[in-house]
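Here is the structure we will look at.
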Amino acid sequence: QVQLVESGGDLVQSGGSLRLSCAASGSGTILTMGWHRQAPGEVRGLVATVTRGGMTNYADSVKGRFAISRDNAKNMVYLQMNSLKPEDTAVYYCVASVVGRAGFSWGQGTQVTVSS
């Protein structure tokens, strides 16, 4: 099992920045790590992912504003969010895939609120 703990969520004004962190612990080699988000009344969706080798993928809505990175030695993944908009308001979930296991592990989520 892999446990994921997010931190860094906060209330910020439109145009501001936040950095989310996620710490992974437990057994298994982690492959892809990333972030999903869910706004009230909406379906949970992809924000960004990064492979163990550093290849990244972003949702169109965050390209150019968000940057994902990871530290394999520390089993950490980060999401730097710049130029935040009110529509970025959501609960942000850390996800990770592990060698030999189907699906993703999920964290409990951290709330990001962007005021206009």
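The values are calculated or read from the model by the stated rules, or taken from the named source; none is laboratory data. Please read all numbers here as calculations on a predicted model, not as lab measurements. FYI the Cβ positions are ideal-geometry reconstructions off the backbone, even for glycines, and counts take in every protein chain you see. Side chains are part of the model used for accessible areas, which takes the heavy atoms of the whole protein and leaves out ligands, DNA and RNA. Shrake-Rupley method; radii C 1.70, N 1.55, O 1.52, S 1.80 Å.
Can you tell me which residues in region 4-24 are more than 15 Å from Tyr78 (Cβ to Cβ), among the polar types (S, T, N, Q) and surrounded by 13 or more Cβ atoms within 10 Å (Cβ to Cβ)?
Ser14
Among residues belonging to region 1-17 that are over 12 Å from the mean Cα position of the chain (by Cα) and not small (Gly, Ala, Ser), point out the one that is farthest from Ser105 (Cα to Cα).
Of everything passing the filter in region 1-17, Gln13 is farthest from Ser105 (Cα to Cα).
If a residue has to be in a loop (DSSP other than H, G, I, E, B) and either in contact with a helix residue (DSSP H, G or I) (Cβ under 9 Å, 6 or more places away or on another chain) or hydrophobic (A, V, I, L, M, F, W, C) (or both) to count, how many in region 86-112 make the cut?
3
Inside region 56-79, can you point out the residues that are closer than 17 Å to Leu46 by Cβ and assigned to a strand (DSSP E or B)?
Hits for region 56-79 are Thr56, Asn57, Tyr58, Phe66, Ala67, Ile68, Ser69, Arg70, Val77, Tyr78, Leu79.
Hey, could you check region 25-83 for residues that are in contact with a Lys or Arg (Cβ under 6 Å, 6 or more places away or on another chain) and farther than 22 Å from Ser14 by Cα and say which is most open to solvent (accessible area, probe 1.4 Å)?
Leu31
Inside region 71-90, can you point out the residues that are farther than 19 Å from Ser116 by Cβ and not polar (S, T, N, Q)?
Asp71, Ala73, Lys74, Met76, Val77, Tyr78, Leu79
Could we say that Arg37 is assigned to a strand (DSSP E or B), of a type in the set (Lys, Arg) and within 10 Å of the chain's Cα centre (by Cα) here?
yes
In region 1-22, how many are out of contact with any Leu (no Cβ under 7 Å at 6 or more places or on another chain), under 19 Å from Val99 (Cβ atoms) and part of a strand (DSSP E or B)?
Final tally of qualifying residues: 3.
From the list Ala90, Ala73, which one is at pLDDT below 95 and either more than 16 Å from Thr110 (Cα to Cα) or among the small types (Gly, Ala, Ser) (or both)?
The match here is Ala73.
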